[in-house]
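Where a number appears in this text, it was derived from the coordinates with a stated rule and is not lab data. Fair warning: this is a prediction, and the values are worked out from it, not measured in the lab. Note that each Cβ is placed from the backbone with ideal geometry, even for glycine, and that neighbours are counted across all protein chains shown.
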Amino acid sequence: MSAARRWNISRQIGRMRGDRRALWLLVLAGAAMWGWNWLQTHPGDNPWAPLDLRDEPGWATGRKIAALRDDPQKCRAVLERSEVAFTNLAPLGEGACRREDRTRVDAYPLHPQVPATSCAVAAALQVWFDQSVQPAARASYGQGVVQIAHLGSYSCRRLYGRSEGPWSEHAAANAIDISGFVLTDGTRISLAADWDGKETDEAFLTQVRDGACEVFGTVLSPDYNAAHRDHLHLDQAARGFGGVCR
Ligand SMILES: [Zn+2]
C-alpha cells in the first residue's frame, strides 16, 4: 500500500470517529433536556424546586420538609407559597419551655381546637392530611376525614414526665399527640379502640402511621410501647439522617 493511500484511509477513519462523537453529544444533550423537562413537571423529585406542600410528594419531598425543622422562617415562607392560612403567634415561656416559634394553621380540622405548634410540625401535618390521611380514608371507608382528635401539643415536661433527663419535644410544642379520626358520616376511629380492631380500621390506622413517617422526624404508635397505646406521637426532632418510625 502506498503512503498516500494509507494516509487517505486513516483520514477517513478519523472522520467517522468525529461523526460518532458528534452523535453521542447529540444523544447526551437530548437526554439532559429530557431530564430537565421531567424535573420541571415533577417538583417532588426535583431537589432544586422550591417546596410547595400541594405538590405530589417525590423522593426529594421528605428531605425538604426535614430542612424546615431548624428554620422557622423558611418554613413560614413554604406555608405562604403553599397558600396555607396560618397565624404566627408571639413567643412564650421560659428556659427549656420557651417557644420562639408558635404557628397555628387556622383551618386545620384538629379537635378540640387547633393548637400552636412549631412551624415544622404544622407543615408536616398539612402534607400528612392531604397526602396520607385523606387518601387512606377514601380507600378504607369511601369517604374523607372531617376531624382529627388530638391530646395536645405543648406540655412543659421531660420525657415520660420524669423529674430529670432530656426534655420532651412537647416542651417546645415541636410535637403533637393524635388520638383519633372522625369521618364525614360521623364514624369515629380511635387509636385506643381500633388499633387492634377490625381489619379495615387496622389497615387505615397503620397506613396513616406509615404516612406520618414520611414527613415527621419521630413517629411513635401503639406498636412502640404501652405509653403510646392510645395515640400517635408525631414530632419534628432533627434526627440527622432518617428518622424514628415505630
Ligand atoms: Zn407525644
In whole Hz, what ³J(HN,Hα) sequence does the stretch 180-193 give by Karplus (6.51, -1.76, 1.60; θ = phi - 60°), x for Gly and Pro? x, 9, 10, 8, 3, 7, x, 4, 10, 10, 10, 4, 5, 8
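Given contacts defined as C-alpha pairs under 8 Å and at least six residues apart, what's the relative contact order of the chain, whole-number percent?
RCO, the chain: 14 percent.
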Quick check on packing: order 182-190, 65-73 by the mean number of other C-beta atoms within 10 Å, highest mean leading. 65-73, 182-190
What does the C-alpha gyration tensor say about the overall shape of the stretch 180-246? Classify as rounded when a/c is under 1.5, otherwise prolate if a/b is larger than b/c, or oblate. prolate
Could you tell me the center-to-center distance, by alpha carbons, between the stretch 31-100 and the stretch 161-236 in angstrom? 23
Within 10 Å, count the other beta carbons around each residue, average over each peptide in 115-123, 87-95, and list them highest first. 115-123, 87-95
Long-range amide H partners of ALA237 with built H, under 5 Å: GLY217, THR218
For the stretch 1-141, what class follows from the C-alpha gyration tensor (a ≥ b ≥ c being the square roots of its eigenvalues): rounded when a/c is under 1.5, otherwise prolate if a/b is larger than b/c, else oblate? prolate
Just the number, please: Stokes-Einstein D of the chain in µm²/s, Kirkwood Rh from C-alpha pairs, 25 °C, 0.890 mPa s. 119
